[in-house]
Amino acid sequence: MLCEECKVNEATYTLSVMMGDEVKTRHLCGECMAKMNMTLNSGNIKNLLSSILSAITGNDTPAEKQQEVVCPRCRTTLSQFTKSGHLGCPGCYEAFHEQLQPMLLQIHGRVQHAGRQPLATEDAQRARSRQEQLTRLMEQAVALEDFETAAQLRDQLRALAAKEAQA
Amino acid sequence: MTNGTVLSSRVRLARNYEDLPFDTGKKPEEAATCISRTANALALSGLGDGFQLIRLNTLTDTQRKALAESRLISKDLLREPETAAVLLRHEDAVSVMINEEDHLRIQAVRPGLDLLGAASACFRVDDALSRQVAFAFDKQLGYLTACPTNTGTGMRASLLMHLPMLTVCKQMGNVGQIVAKVGLTIRGVYGEGNEALGNLYQVSNQVTLGRTEQELISAVTAVGHQLKDMEAVLREKTFTTSRVTLEDTIFRAWGLMKFARIMPLKEFFKHWSGVRLGAELGLLPVSLETVDALLEQCQDANLQAQAETTLSGILLDAKRALTIRKALK
Ligand SMILES: [Zn+2]
Ligand SMILES: [Zn+2]
C-alpha cells in the first residue's frame with residue numbers, strides 16, 4: 001500500500017487519530033510519519049491546531065470577516081488563538097468554549113475530565129496518599145506474582161473508593 | 001537479557017494559577033508573582049525542605065543548558081531565561097519549573113521503569129501546592145492549560161528507552177503502529193527531525209483529557225513492557241544467529257570509546273549505544289550506571305560547564321573523548 005500522504009513511498013506505519021469516539025486510521029510512510037509525529041510533539045503543534053480550528057470555523061472565510069470573539073479577561077481574540085495555538089488565560093476556555101469543544105474532542109477523543117482534582121481538604125489528601133500507597137503496593141505484589149496480597153490490596157482500594165464515593 | 005532497556009521514567013504535570021494570564025514568561029511582573037507565590041506555597045506546605053529556588057537569569061548560558069541536558073529542566077524553560085525559574089530537589093530529581101509554557105510544570109524522574117514512583121512524587125508536590133493556592137480547574141475540562149493539547153490531567157508520562165535492535169532490524173515501523181494504536185507517541189530523544197541518536201526513544205501519552213492519571217500511566221507502562229520484550233526477542237535471536245557481527249559492533253564501540261582522542265557528539269551517541277548494549281548483555285566490564293552517566297556528562301554544555309570555559313570544535317570533542325576514557329578506565 002502506498003503512503004496516503006505523499007503517495008510515493010510504501011506505507012509502513014499506521015497512525016490512528018481519534019475523531020470523537022471513532023478511530024480513523026491513516027497509512028503513512030516513515031518520512032511522513034516522522035513529520036506527523038513532529039507536528040504532534042513539537043512547537044509545530046500550533047500549525048496542527050490552526051488547521052483543526054480552521055477546519056471547524058470554516059477555512060475559506062478570512063479571519064477578519066469572521067465575527068471576532070474576544071476573551072473578556074485577557075482580551076485575546078479567537079484569531080490570535082487560532083494563529084498561535086495558545087490560549088491567553090484560563091478565562092479563554094469559557095470565552096472560546098464553542099470553538100474549543102470540538103477541538104478538544106478531536107485532540108483527546110473525550111471531553112469529560114476523569115483525573116485528579118485540586119485538593120480541598122487535608123482529609124482528601126490523606127485518603128489520596130493512602131490510595132496511591134496501596135496502588136503501589138498492589139503493583140509490586142503483581143510484579144512479584146504474589147496474587148493473594150494483590151487481591152487483598154485491591155479489595156482495600158475498592159473499599160476506599162466506595163467510602164470516597166459516599167462522602 | 002532485558003535488563004535496562006528502560007533508562008528512566010518521567011512524569012510532568014502542567015498547572016496554572018487561576019487569576020494569572022498564561023505566557024507569564026513574557027510578562028515580567030506576572031512572572032515574578034508566579035515565582036514568589038510558588039516558592040512561598042511550597043515553603044508553607046512543609047514540603048519546601050530540600051528544594052532550591054534557581055532563577056535562570058542567575059546562571060550562565062552554559063549552566064542553564066547543562067541543566068536541560070541533564071533533563072532536570074525542559075528545553076522550553078530556556079526560551080525566556082530572564083523570567084524563568086525552577087524549584088529543584090536534586091537528590092531525587094524533582095523539579096517545579098516556573099514560567100514555562102504553563103505557569104508550573106511539576107516534574108519527577110525515576111531510574112528504570114517506575115512511572116508510578118515518578119507520578120507519586122509529582123502528586124505530593126501538586127497536593128502540597130494546591131492546599132495553598134488556587135489552580136485553574138474546571139469540572140468538565142480538568143486542569144486548564146495554555147495549550148489545549150495538555151488540558152485535563154495536564155500529565156505527560158514518558159519512558160526513555162534504549163532500542164538498538166528494534167532500530168537495526170528496522171522494526172520501528174511496527175513499534176510506531178503499536179504505540180499509535182493505544183494513543184501514545186514515540187520519537188527520538190536526541191538529534192534533529194527523524195534522527196534517534198543513541199537509539200534512544202521516548203514513549204509518552206498523547207492524550208491528556210478523559211482518562212485518569214492511573215489509566216495513562218498503565219497504558220505507557222504496558223507499552224514499555226511490550227517494547228522491552230520485543231527488543232529482548234530480537235537480541236536473543238541476533239545473539240544466536242549473528243553473534244560475531246553483534247559482538248564486533250559492541251567491541252568496536254568499546255575500543256573507540258576507551259581509546260579515541262577526539263569524539264564528535266554524533267559519533268559519541270553511536271558508540272554509546274553499542275557500549276550500552278554490551279553492558280546490558282553483560283559482555284563489557286562496565287556498569288549501566290557508568291554508561292548512563294556518560295549520556296549526561298558528554299553533551300556539549302555539561303562538558304563546558306565542567307571545564308568552566310567555552311570549548312568548541314576539536315577542543316570540545318577532545319574533552320569529550322577524555323571524559324569518556326576516564327569514566328571507562
Ligand atoms: Zn509518505
Ligand atoms: Zn483569556
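The values are calculated or read from the model by the stated rules, or taken from the named source; none is laboratory data. A quick note: this is a predicted structure, and the numbers were derived from the prediction, not measured. Please note: Cβ atoms are built from the backbone with ideal geometry, for glycine as well, and neighbour counts cover all protein chains shown. The protein model used for the area step is the full one, side chains on, heavy atoms only, and it has no ligands, DNA or RNA in it. Shrake-Rupley method; radii C 1.70, N 1.55, O 1.52, S 1.80 Å.
Taking chain B as the reference, fit the longest principal axis to its C-alpha atoms, fit the long axis of helix B:115-130 to the helix C-alpha atoms, and give the angle between the two in degrees, 0 to 90, nearest 10.
Relative to chain B, helix B:115-130 is tipped by roughly 20 degrees.
So what is the 222 nm mean residue ellipticity for the protein assembly as shown from helices alone, if each DSSP H run of at least 4 adds -39500 (n - 2.57) and you divide by all residues, rounding to the nearest 500 deg cm²/dmol? The partial results should precede the final answer.
Working: 18 runs with 243 residues, N = 496.
Helices in the protein assembly as shown give a 222 nm mean residue ellipticity of -15500 deg cm²/dmol.
Considering only B:Leu56, B:Asn150, B:Ile73, whose Cα is most displaced toward the positive end of the charge dipole of chain B, charges sitting on Cβ of Lys, Arg (+1) and Asp, Glu (-1)?
Among B:Leu56, B:Asn150, B:Ile73, the one farthest towards the positive end of the dipole of chain B is B:Ile73.
With θ set to phi - 60°, apply the Karplus curve 6.51 cos²θ - 1.76 cosθ + 1.60 along the range B:131-147 and write out the HN-Hα couplings as whole Hz, x wherever there is a Gly or Pro.
Computed from phi, the couplings for the range B:131-147 are 7, 9, 9, 9, 8, 5, 8, 10, 4, 7, 9, x, 5, 8, 10, 4, 10 Hz.
Report, as an integer, the average count of C-beta atoms from other chains found within 10 Å of each Cβ along A:97-110.
Rounded to a whole number, the mean comes out at 4.
Could you go through the range B:7-16 in sequence order and give the Karplus-derived ³J(HN,Hα) for each residue, using 6.51 cos²θ - 1.76 cosθ + 1.60 with θ = phi - 60°, rounded to whole Hz, and x for Gly and Pro?
Karplus values, whole Hz, x for Gly and Pro: 6, 7, 10, 10, 10, 10, 10, 8, 9, 9.
Please compute the average number of Cβ atoms from other chains found within 10 Å of each residue's Cβ in peptide B:172-179. Provide the component values of the computation, followed by the final result.
Details: counts 5, 9, 3, 1, 10, 8, 1, 3.
For peptide B:172-179, the averaged partner shielding equals 5.
Would you please classify the overall shape of chain B from the alpha carbon gyration tensor, given that a ≥ b ≥ c denote the square roots of the eigenvalues, rounded means a/c under 1.5, and beyond that prolate means a/b larger than b/c while oblate covers the rest?
Details: a/c = 2.35, a/b = 1.44, b/c = 1.63.
Oblate.
Just B:Ala108, B:Ala66, B:Ala43 to compare: in a GNM of chain B, with alpha carbon springs under 10 Å, which one fluctuates most?
Ranking B:Ala108, B:Ala66, B:Ala43 by mean-square fluctuation puts B:Ala43 first.
Quick one: Karplus J couplings for the range B:297-311, per residue in order, coefficients 6.51, -1.76, 1.60, θ = phi - 60°, nearest Hz, x for Gly and Pro?
So the J values, rounded to whole Hz, are 4, 9, 7, 3, 5, 5, 4, 5, 4, 6, 7, 6, 8, 7, 9.
Pick out, in residue order, every one of the GluC sites (Glu not before Pro) in the range B:69-117 that is DSSP loop and has at most 13 other C-beta atoms within 10 Å; say none if there are none. Before the final figure, lay out each step's value.
Details: sites: B:Glu69, B:Glu82, B:Glu91, B:Glu100, B:Glu101; in loops: B:Glu82, B:Glu100, B:Glu101.
Here the GluC sites (Glu not before Pro) that fit, given the DSSP loop and packing criteria, are B:Glu82.
For a quick check: with amide H placed at 1.01 Å from N, whose amide H comes under 5 Å from B:Phe137's, ignoring anything fewer than 5 positions away on the same chain?
Counting only residues 5 or more places away or on other chains, the set is B:Leu144.
Which cross-chain or sequence-distant (5 or more) residues have an amide H under 5 Å from the amide H of B:Met155, H modelled 1.01 Å from N in plane?
B:Ala14
Remind me, relative contact order of the range B:1-85 in percent, using alpha carbon pairs under 8 angstrom and six or more residues apart? List each step's numbers first, then the result.
On the way: 46 pairs, mean separation 25.5, N = 85.
Over the range B:1-85, the number comes to 30 percent.
Within 10 Å of each Cβ of B:212-218, how many other protein chain Cβ atoms are there on average? Mind dumping the intermediate values first?
Working: counts 4, 4, 6, 2, 2, 2, 1.
Taking the mean over all residues of the peptide, I get 3.
Summing Lys, Arg as +1 and Asp, Glu as -1, what charge do residues with Cβ under 11 Å from the Cβ of B:Gly183 carry, B:Gly183 excluded?
Values: positive: A:Arg110, B:Lys181, B:Arg211; negative: B:Glu215.
That sum, taken over residues with Cβ under 11 Å, equals +2.
Among B:Ile217, B:Ile54, B:Ile106, which one shows the biggest mean-square fluctuation in a GNM of chain B, springs joining Cα atoms closer than 10 Å?
Top of the fluctuation ranking is B:Ile54.
Can you give me the long-range amide H partners of A:Arg116? Hydrogens built in the peptide plane at 1.01 Å from N, cutoff under 5 Å, separation of 5 or more residues or another chain.
So A:Arg116 has HN proximity to B:Glu213.
Which value, in debye to the nearest 20, describes the size of the charge dipole of the protein assembly as shown about its Cα centre when Lys and Arg Cβ atoms bear +1, Asp and Glu Cβ atoms bear -1, and nothing else is charged? Before the final figure, lay out each step's value.
Details: 56 positive and 57 negative charges, 167 e Å.
Value, rounded to 20: 800 debye.
Let me know the charge dipole size of chain B about its Cα centre in debye, to the nearest 20, where only the beta-carbon of Lys, Arg (+1) and Asp, Glu (-1) is charged. Before the final figure, lay out each step's value.
Details: 38 positive and 37 negative charges, 186 e Å.
Result for chain B is approximately 900 debye, rounded to the nearest 20.
Rolling a 1.4 Å sphere over the protein heavy atoms, what is the accessible area per residue of the protein assembly as shown, to the nearest Å²? Could you put the intermediate results ahead of the total?
Numbers: 23300 Å² over 496 residues.
Here the residues of the protein assembly as shown average 47 Å² of exposed surface.
Which of rounded, prolate, oblate describes the range B:102-249, given a ≥ b ≥ c as roots of the alpha-carbon gyration tensor eigenvalues and a/c under 1.5 marking rounded, otherwise prolate only if a/b is larger than b/c?
On the way: a/c = 2.63, a/b = 2.37, b/c = 1.11.
Prolate, since a/c reaches 1.5 and a/b exceeds b/c.
Please give the Cα centre distance for the range A:87-114 versus the range B:132-183, rounded to the nearest Å.
Value for the Cα centre distance between the two parts: 18 Å.
Going 7 Å from the Cα of B:Lys75 toward and past its Cβ, which residues in the range B:1-41 have a backbone nitrogen under 13 Å from where you end up?
Nothing falls inside the zone, counting backbone N under 13 Å.
If you count, for each residue, the other Cβ atoms within 10 Å and average over each peptide, how do A:131-141, B:18-28 line up from highest to lowest? Working shown, then result.
Numbers: A:131-141: 16.6, B:18-28: 19.3.
Ranking the peptides A:131-141, B:18-28 by packing returns B:18-28, A:131-141.
When the dipole is taken about the Cα centre of the range B:276-329, and only Lys, Arg (+1) and Asp, Glu (-1) are charged at their Cβ, what size is it in debye, to the nearest 20? Walk me through the intermediate numbers first.
Numbers: 6 positive and 7 negative charges, 53 e Å.
It works out to roughly 260 debye.
Using Cα pairs closer than 8 Å and at least 6 residues apart in sequence, work out the relative contact order for chain B, in percent.
Working: 579 pairs, mean separation 64.8, N = 329.
That works out to 20 percent.
Looking only at B:Leu227, B:Leu184, B:Leu283, which one moves most when chain B is put into a Gaussian network model with springs between Cα atoms under 10 Å?
In this elastic network of chain B, the residue with the biggest mean-square fluctuation among B:Leu227, B:Leu184, B:Leu283 is B:Leu283.
Please go through the residue pairs B:Lys228/B:Lys326; B:Lys170/B:Lys237; A:Lys7/B:Lys270; B:Lys65/B:Lys326 and name each one whose alpha carbons sit more than 26 Å apart in this structure.
Values: B:Lys228/B:Lys326 31 Å; B:Lys170/B:Lys237 15 Å; A:Lys7/B:Lys270 32 Å; B:Lys65/B:Lys326 23 Å.
As for pairs spanning more than 26 Å Cα to Cα, those are B:Lys228/B:Lys326; A:Lys7/B:Lys270.
Cβ under 11 Å from B:Leu141's Cβ, B:Leu141 left aside: what net charge do those residues give with Lys, Arg +1 and Asp, Glu -1? Display every interim value, and only then the final one.
Details: positive: A:Arg110, B:Lys139; negative: A:Glu94, B:Asp138.
In short, 0.
Would you mind getting me the FRET efficiency between A:Gln112 and B:Leu59? Use the beta-carbon distance for r and R0 = 56 Å, nearest 0.05. Write down the numbers at each step before the final one.
Numbers: r = 42 Å, r/R0 = 0.75.
Computed FRET efficiency for A:Gln112 and B:Leu59: 0.85.
State, in square angstrom and to the nearest 100, the accessible area buried between chains B and A, both chains counted, probe radius 1.4 Å. Intermediate values should be presented prior to the final figure.
Working: alone 15330 and 12300 Å², together 23300 Å².
Buried surface at the B/A interface: approximately 4300 Å².
Just want the answer: with Cβ charges of +1 for Lys and Arg and -1 for Asp and Glu, which residue in A:Gly91, B:Leu88, B:Gly193 is farthest toward the dipole's positive end in the protein assembly as shown?
With unit charges placed on the Cβ atoms, the residue in question is B:Gly193.
How many angstrom lie between the Cα centre of the range B:275-294 and the Cα centre of the range B:53-100?
Centre-to-centre (Cα) distance: 29 Å.
For B:Glu30, what is the net charge nearby, where nearby means another residue's Cβ is under 14 Å from its Cβ and Lys, Arg count +1, Asp, Glu -1? Walk me through the intermediate numbers first.
Working: positive: A:Arg73, B:Lys26, B:Lys27, B:Arg37; negative: B:Glu18, B:Asp19, B:Asp23, B:Glu29, B:Glu80, B:Glu82, B:Glu100, B:Asp102.
Result for the neighbourhood of B:Glu30: -4.
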